[in-house]
Amino acid sequence: MTSSSTNSPYSPAISVRLATIDDAAALVVLLAEMDEIEEIDALPPDAVRLTADGARQIMTRMADYPDFRVFLVLADDLVVGTFSLLIFSSLAHDGSQQAVLDAVVISRQCRGQGIGGVMLDHACKLADDAGCYKIALSSNLKRMDAHRFYETYGFAQHGVSFSLPL
């Protein structure tokens, strides 16, 4: 499935497609940017680094879930972003479908060009087409620019998220 923006002299042709195992290396680079790391090699020596092989293994496990996929965002056919989308039912809301948007990243040098809006449009359309009553995401507290972007798009802070390292 592909989604494109209107082309203008000032904006790249933006499309969204399912990621494949062959995209693992590009995904690793993008995901490193999510954590404010300029280059994957800039990680501390003792840090756990996601490798392309590790990404391929994770994508293989994700494929076991019927509606959990990774997408790539391209600008002029160059990979500039990614997100994962999980669509599922739960006992809450009488089993209504809901969606969780995860691992949302736009490459630093491509932010502010409308690419994120196309990406969110695509994710929301997939969720809407699946009959979801909501789409949710979580974001690290330090990502204030991302929070402003999500709010501008129409997302509202809802509840409080808790986690427990295991």
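The values are calculated or read from the model by the stated rules, or taken from the named source; none is laboratory data. Since we're looking at a predicted model, the values are computed, not measured. FYI the Cβ positions are ideal-geometry reconstructions off the backbone, even for glycines, and counts take in every protein chain you see.
Details
- Leading residue by the ranking (farthest from Ala26 (Cα to Cα)) among those in region 103-130 that are loosely packed, with under 14 Cβ neighbours inside 10 Å and at pLDDT below 95: Gly112
- Within region 14-41, residues that are at pLDDT 90 or above and among the polar types (S, T, N, Q) reach partners that are crowded, with 18+ Cβ neighbours inside 10 Å and not in a helix (DSSP H, G or I) with beta carbons closer than 8 Å, at six or more positions or on different chains, in the pairs Ser15/Val73; Ser15/Leu74.
- Within region 54-70, one or more residues are hydroxyl-bearing (Ser, Thr, Tyr), out of contact with any Leu (no Cβ under 6 Å at 6 or more places or on another chain) and modelled with pLDDT under 95.
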